[in-house]
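Where a number appears in this text, it was derived from the coordinates with a stated rule and is not lab data. In this text, all values refer to a predicted model and were calculated from it rather than measured experimentally. Methodologically, a virtual Cβ is constructed for each residue, glycine included, from the backbone with ideal geometry; neighbour enumeration extends over all protein chains shown.
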Amino acid sequence: MTRAPKKRVVVLISGRGSNLGALIAAASDPNYPAVIAGVISNRADAQGLEIAARHGIPARVIPRADFAAHEAHSDAIDAAIKESRADIVCLAGYMRLISPALVEAWEGRMINIHPALLPSFKGLDTHARALAAGVRIHGCSVHFVTHDIDGGPIIAQAAVPVSSGDTEETVAARVLAAEHKLYPHALALVAAGKARIEGGRAALQGADENGSALLLSPPLDRETDAASDLEALARFTP
Ligand code: GRF
């Protein structure tokens, strides 16, 4: 049986790049349906650039300051994505707004990871706001990027528990560990043609619908758990 050609993916970053690292690790599996073909950062000091370099993945820095208008910056990013012959774009901690033209050009082929269970807690500071709201379950979502910021069709979500002993740091570490499982899973669905936009929602075709959400339930021994989440984060080096 001939295998479908792997989809080429460009990852847009602005910082640490731990999700980029998770995508690269997943794509190293010969059976994964995508390859990470390039990385674009709007910041020259993004730690994720070191991850790209270590894996020999071509990376470009395209600073916003090099362009008078926000649209021209997005156009330059679009041109760089096309130069990489990308099929899919992953936003992974990319902290700049992208122009409507760029969103339209890649609609259905551009995805983002957000550190909350959408549609709750769109925007920034999601962990602080989730704690302030007293939620018992928090998590992360991967969605198609549309004009509606953090509001595009949801492809997959992962949930983690929150307890009263949690801090922003422990919650952030727990969610991040879930992100590193969720993003490769969601990208695989898109790359394999199993997730696409239909009627304003993500339709999962031929995919195991239950498998599209990852319910992660660490034991409720909060002290041990929070400590191990923080340890895991401390061990992370770009
Ligand atoms: C992640 O929490 C992601 O959900 C959000 O930005 C953060 C990026 O982290 N969009 P990293 O750069 O992938 O480590």
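Some notes on this structure:
- Shown is the FRET efficiency for His70 and Ala133, computed with R0 = 30 Å from the Cβ-Cβ distance and rounded to the nearest 0.05: 0.40.
- Packing, taken as the mean count of other beta carbons within 10 Å per residue, orders the peptides 75-83, 111-119, 4-12, 59-67 from highest to lowest as 111-119, 4-12, 75-83, 59-67.
- Helical mean residue ellipticity (222 nm; -39500 (n - 2.57) per DSSP H run of 4+; nearest 500) of the chain: -11000 deg cm²/dmol
- Here is the P(r) of the stretch 111-218: all C-alpha pair distances, binned every 10 Å from 0, give 16, 48, 29, 8, 0 in whole percents.
- Residue of His143, His70, His127 that the Gaussian network model of the chain assigns the largest fluctuation, springs spanning Cα pairs under 10 Å: His70
- Averaging Cα coordinates gives a centre for the stretch 83-144 and one for the stretch 19-80; these two points are 16 Å apart.
- Relative contact order of the chain, pairs being alpha-carbon contacts under 8 Å that are 6 or more residues apart, as %: 18
- Length-normalised contact order of the stretch 6-50 in % [C-alpha pairs under 8 Å, at least 6 apart]: 55
- Placing +1 on each Lys and Arg Cβ and -1 on each Asp and Glu Cβ, with no other charges, gives the chain a dipole about its Cα centre of roughly 620 debye.
- Convex hull volume per residue, computed on the Cα atoms of the stretch 133-178, equals 84 Å³.
- Between Glu107 and His147, residue separation times 0.36 nm minus the direct Cα-Cα distance comes to 13.5 nm.
- Computed from the C-beta positions of Glu168 and Glu83, the FRET efficiency with R₀ = 45 Å rounds to 0.70.
- Max mean-square fluctuation residue, GNM over the chain, Cα-Cα springs under 10 Å, options Ser14, Ser74, Ser28: Ser28
- Glu231 versus His55: modelled label distance in nm, points set 7 Å from Cα along the beta carbon direction: 2.6
- Dividing the Cα radius of gyration of the stretch 46-98 by its Kirkwood radius returns 0.96 for Rg/Rh.
- Rounded to the nearest 10 degrees, the inclination of helix 168-191 to the longest alpha-carbon principal axis of the chain is 40 degrees.
- Kirkwood hydrodynamic radius (C-alpha pairs) into Stokes-Einstein, the chain, 10 °C and 1.306 mPa s, D in µm²/s: 87
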